[in-house]
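Asks: I am attaching a structure below and will ask some questions about it afterwards.
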Amino acid sequence: MVMKTILGELIDHRSLTKETAHQVLIDLATAKFNASQTTAFMTVYMMRAITVDELQGFRDAMLELCIPAHFEQPVIDLCGTGGDGKNTFNISTLSSFVVAAAGQPVAKHGNYGVSSACGSSNVLEYFGYRFTNDVDELKRSIDRANICFMHAPLFHPAMKNVAPIRKELGVKTFFNMLGPMVNPAFPTRQIVGVFSLELARQYGYLYQNTDKDFVILHSLGGYDEISLTGDFKYFYNKGETIASPGDLGLPVLNYEDLRGGDTVEESAGIFKKILEGEGTVAQNAAIIANAGMALFAGNQKEGVPAAIARAKEALESGKALQAFKKLLNN
């Protein structure tokens, strides 16, 4: 497959078939293209929308190339695409510990921050967590803490050719869009935050064609999570809904309430304070909203209000802090 031809097609506003997208990503991962060609290909998707077929082809290739980690119990992943440019604190990672503490096993897929100061891998590494792709160790982690953490580069070794280019670019690429869809645990339950409404629709379409219990959400203010700064839209197994903070029984927040640190150290400080019960009312509300929607994704029969109440109890009781400590004690 010749990259010059592929780029010509894309620049002429034509899209790739699912099969071609699949093969291109295999070729990218196996270093069939040089750095300039890879950069050019990634740049195209910063300037034009990705199609459902392209997204599906890229996703299937990534899952084909990954090191799988299968668990006996139904696990959930909480993951945002990133790339929303908002630099919020680590909402999905914190929410993961709340969800684990509320009784839902979590297989969290994460990476270093690309377009923010501190991704989930940065913050856990700061606290001394040792990344592993040893599936037996991950299973022990779930048995001990009801959560395990999977550092994406260890499970997607074929992506090592692309990682330096992503880091140098420092902006969102289509790999941000793929991240939540390529969890090597193949979770049967998932909540995904995405940075645009169009991408939320595409995710919703793809997930409807799987056997997952899911929630895909986008805050209409541009966040890839429930920001509580205004209304948000979510797609789930039974349809789609627009909701407001009031619908969750939670306050309306502003951007400053959600701001993350400028360094890993600052971000880790915010992270620790929230788990230790010293978070602001606004920070706690954001965690409860996202963790609650994740619990709803995993058990849609209970309804959103009950799921929000479970998340609130898990955070405020200190159980989420205990899950965090148990994870680190590996």
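The values are calculated or read from the model by the stated rules, or taken from the named source; none is laboratory data. Note that the coordinates shown come from a computational prediction; the quantities given were computed from them, not determined experimentally. As a convention, Cβ positions derive from the backbone with ideal geometry for all residues, glycine included, and neighbour counts pool all protein chains shown.
Asks: Considering every residue within segment 189-209, establish whether at least one is among the β-branched types (V, I, T) and surrounded by fewer than 17 Cβ atoms within 10 Å (Cβ to Cβ). So that I can check it myself, show each step before the final result.
Replies: Going through segment 189-209, the residues among the β-branched types (V, I, T) turn out to be 191-192, 194.
Subsequent filtering for residues that are surrounded by fewer than 17 Cβ atoms within 10 Å (Cβ to Cβ) retains none.
Scanning segment 189-209 turns up no residue that is among the β-branched types (V, I, T) and surrounded by fewer than 17 Cβ atoms within 10 Å (Cβ to Cβ).
Table: residues versus (1) without any contact (Cβ under 8 Å) to a residue 40 or more places away in the chain; (2) closer than 20 Å to A306 by Cα; (3) of a type in the set (D, E); (4) not in a helix (DSSP H, G or I).
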{"site": "L199", "(1), (2), (3), (4)": "no, no, no, no"}
{"site": "Q202", "(1), (2), (3), (4)": "no, no, no, no"}
{"site": "L206", "(1), (2), (3), (4)": "no, no, no, no"}
{"site": "D211", "(1), (2), (3), (4)": "yes, no, yes, yes"}
{"site": "H218", "(1), (2), (3), (4)": "yes, no, no, yes"}
{"site": "T229", "(1), (2), (3), (4)": "yes, no, no, yes"}
{"site": "F235", "(1), (2), (3), (4)": "yes, yes, no, yes"}
{"site": "E240", "(1), (2), (3), (4)": "yes, yes, yes, yes"}
{"site": "D257", "(1), (2), (3), (4)": "yes, no, yes, no"}
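Asks: Moving on to the next point. So which residues in segment 108-139 are under 13 Å from T93 (Cα atoms) and of a type in the set (G, A, S)?
Replies: G110, G113, G119, S120, S121
Asks: Got at least one residue in segment 106-115 being of a type in the set (K, R) and surrounded by fewer than 19 Cβ atoms within 10 Å (Cβ to Cβ)?
Replies: Step one: of segment 106-115, the residues of a type in the set (K, R) are 108.
Then keep just the ones that are surrounded by fewer than 19 Cβ atoms within 10 Å (Cβ to Cβ); that gives none.
Checked against the condition, which is being of a type in the set (K, R) and surrounded by fewer than 19 Cβ atoms within 10 Å (Cβ to Cβ), segment 106-115 yields no hits at all.
Asks: Of all the residues that make up segment 116-173, how many are touching a Gly at 6+ places or on another chain (Cβ under 6 Å) and assigned to a helix (DSSP H, G or I)?
Replies: Result for segment 116-173: 3.
Asks: Just one of (1) within 22 Å of Y236 (Cα to Cα); (2) free of Cβ contacts under 8 Å to residues at least 24 places away in the same chain trips up T280, so point out which.
Replies: (1)
Asks: Take the residues in segment 232-258 that are surrounded by 15 or more Cβ atoms within 10 Å (Cβ to Cβ) and among the charged types (D, E, K, R); name whichever of them is nearest to S196 (Cα to Cα).
Replies: Restricting to residues being surrounded by 15 or more Cβ atoms within 10 Å (Cβ to Cβ) and among the charged types (D, E, K, R), the top hit is K233.
Asks: Further question on the same structure: Counting only residues that are of a type in the set (G, A, S) and surrounded by fewer than 18 Cβ atoms within 10 Å (Cβ to Cβ), which one in segment 29-88 is farthest from D12 (Cα to Cα)?
Replies: Here is the first cut: in segment 29-88, the residues of a type in the set (G, A, S) are 29, 31, 35-36, 40, 49, 57, 61, 69, 80, 82-83, 85.
Now drop any that are not surrounded by fewer than 18 Cβ atoms within 10 Å (Cβ to Cβ), which leaves 31, 35-36, 40, 49, 85.
Values: A31: 25, A35: 22, S36: 19, A40: 14, A49: 13, G85: 29 Å.
Per the stated criteria, the residue is G85.
Asks: More than 15 Å from L78 (Cα to Cα), small (G, A, S) and buried (at least 21 other Cβ atoms within 10 Å of the Cβ): does that describe A145?
Replies: Working: more than 15 Å from L78 (Cα to Cα): yes; small (G, A, S): yes; buried (at least 21 other Cβ atoms within 10 Å of the Cβ): yes.
In short, yes.
Okay, residues lined up against (1) within 18 Å of G128 (Cβ to Cβ); (2) not basic (K, R):
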{"site": "V264", "(1), (2)": "yes, yes"}
{"site": "S267", "(1), (2)": "yes, yes"}
{"site": "T280", "(1), (2)": "no, yes"}
{"site": "I287", "(1), (2)": "no, yes"}
{"site": "A291", "(1), (2)": "no, yes"}
{"site": "R310", "(1), (2)": "no, no"}
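Asks: Continuing with this model, one more query. Using the structure shown, decide if G113 is modelled with pLDDT under 95, farther than 28 Å from N209 by Cα and not β-branched (V, I, T). Lay out the reasoning, then the answer.
Replies: Numbers: modelled with pLDDT under 95: yes; farther than 28 Å from N209 by Cα: yes; not β-branched (V, I, T): yes.
Yes, satisfied.
Asks: If I ask for residues that are more than 11 Å from the chain's Cα centre (by Cα) and of a type in the set (A, V, I, L, M, F, W, C), which ones from segment 77-98 would you list?
Replies: Selection gives F89, L94, F97, V98.
Asks: Which residue out of K233, K167, K238 is closer than 18 Å to S121 by Cβ, out of contact with any helix residue (DSSP H, G or I) (no Cβ under 6 Å at 6 or more places or on another chain) and either in the same structural domain as G85 (by TED's automatic domain parsing) or not hydroxyl-bearing (S, T, Y) (or both)?
Replies: Values: K233 fails: closer than 18 Å to S121 by Cβ; K238 fails: closer than 18 Å to S121 by Cβ.
After applying the criteria, what remains is K167.
Asks: Test L16 against the stated conditions and say whether it is assigned to a loop (DSSP other than H, G, I, E, B) and at pLDDT 95 or above. So that I can check it myself, show each step before the final result.
Replies: On the way: assigned to a loop (DSSP other than H, G, I, E, B): yes; at pLDDT 95 or above: yes.
Considered against the rule, which asks whether it is assigned to a loop (DSSP other than H, G, I, E, B) and at pLDDT 95 or above, L16 comes out as yes.
Asks: Sticking with this structure for a sec: Suppose we filter segment 242-255 for residues that are assigned to a loop (DSSP other than H, G, I, E, B) and either among the small types (G, A, S) or modelled with pLDDT under 95 (or both); how many remain? It would help to see each step written out before you state the result.
Replies: We begin by selecting, within segment 242-255, every residue assigned to a loop (DSSP other than H, G, I, E, B); these are 244, 249-254.
From what's left, either among the small types (G, A, S) or modelled with pLDDT under 95 (or both): 244, 249.
So the count comes out to 2.
Asks: In segment 259-298, what count of residues is obtained for those that are assigned to a helix (DSSP H, G or I) and closer than 27 Å to F214 by Cα? Talk me through it step by step, then tell me what you get.
Replies: Of segment 259-298, the ones assigned to a helix (DSSP H, G or I) are 264-275, 281-298.
Still in the running and closer than 27 Å to F214 by Cα: 271, 274-275, 282-298.
Here the count works out to 20.
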